Amino acid sequence: QVQLVESGGGLVQAGGSLRLSCAVSSALRIRSINTMGWYRQAPGKQRELVATTSGGNQNYEASVKGRFTISRDNAKNLVYLQMNSLKPEDTAVYYCYANVRAGFSGPRDYWGQGAQVAVSS
């Protein structure tokens, strides 16, 4: 199995910054990690894409462009989300996502447990 563990959530005032981290690990040999990304789900809303990174390319949801930056450390199987100029509407549970090939399995999608981000006005 593959585990994704997020860290870095919390409460911040509007205009502040937070950095989320996600570590991918497995008892099996991780052969490759393809797309990595972050999604979020606000209360009463569907889960939505925030940002993804794959093959050196990044993709952002329109409302976070210019404020959020996704990056990854391939050597350490980590993905980060630097969030600046946070707004109350960014309040949500943020989920880490990774498409991983581990052991003898083909690529599969995995999710973290979620990290709460709360932005006060």
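A cut-off under 13 angstrom between Cβ atoms defines the neighbours of GLU48, and their net charge, with Lys, Arg +1 and Asp, Glu -1, is 0.
FRET efficiency for the pair PHE104 and ARG19, taken as 1/(1 + (r/R0)^6) with r the Cβ-Cβ distance and R0 = 30 Å, rounds to 0.30.
Spin-label model, SER54/LYS87: points 7 Å from Cα along the beta carbon direction are separated by 2.7 nm. Segment GLN3..ASP73, full-extension length gain: 23.6 nm, with 0.36 nm per residue of separation and the alpha-carbon distance subtracted.
Average accessible surface for the chain: 53 Å² per residue, computed with a 1.4 Å probe over protein heavy atoms with every protein chain in place. Would you tally the net charge around SER105, using a Cβ to Cβ cut-off of less than 15 Å, leaving SER105 out, and scoring K and R as +1, D and E as -1? In short, +3. Across the range 3-15, coupling constants 3J(HN,Hα) worked out from phi with the 6.51/-1.76/1.60 Karplus curve, θ = phi - 60°, read 10, 10, 10, 8, 8, x, x, x, 10, 9, 7, 4, x Hz, and Gly and Pro carry x.
The values are calculated or read from the model by the stated rules, or taken from the named source; none is laboratory data. No experiment lies behind these values; they were computed from the predicted model shown. FYI the Cβ positions are ideal-geometry reconstructions off the backbone, even for glycines, and counts take in every protein chain you see. Ligands, DNA and RNA are excluded from the accessible area calculation, which covers all protein heavy atoms including side chains. Shrake-Rupley method; radii C 1.70, N 1.55, O 1.52, S 1.80 Å.
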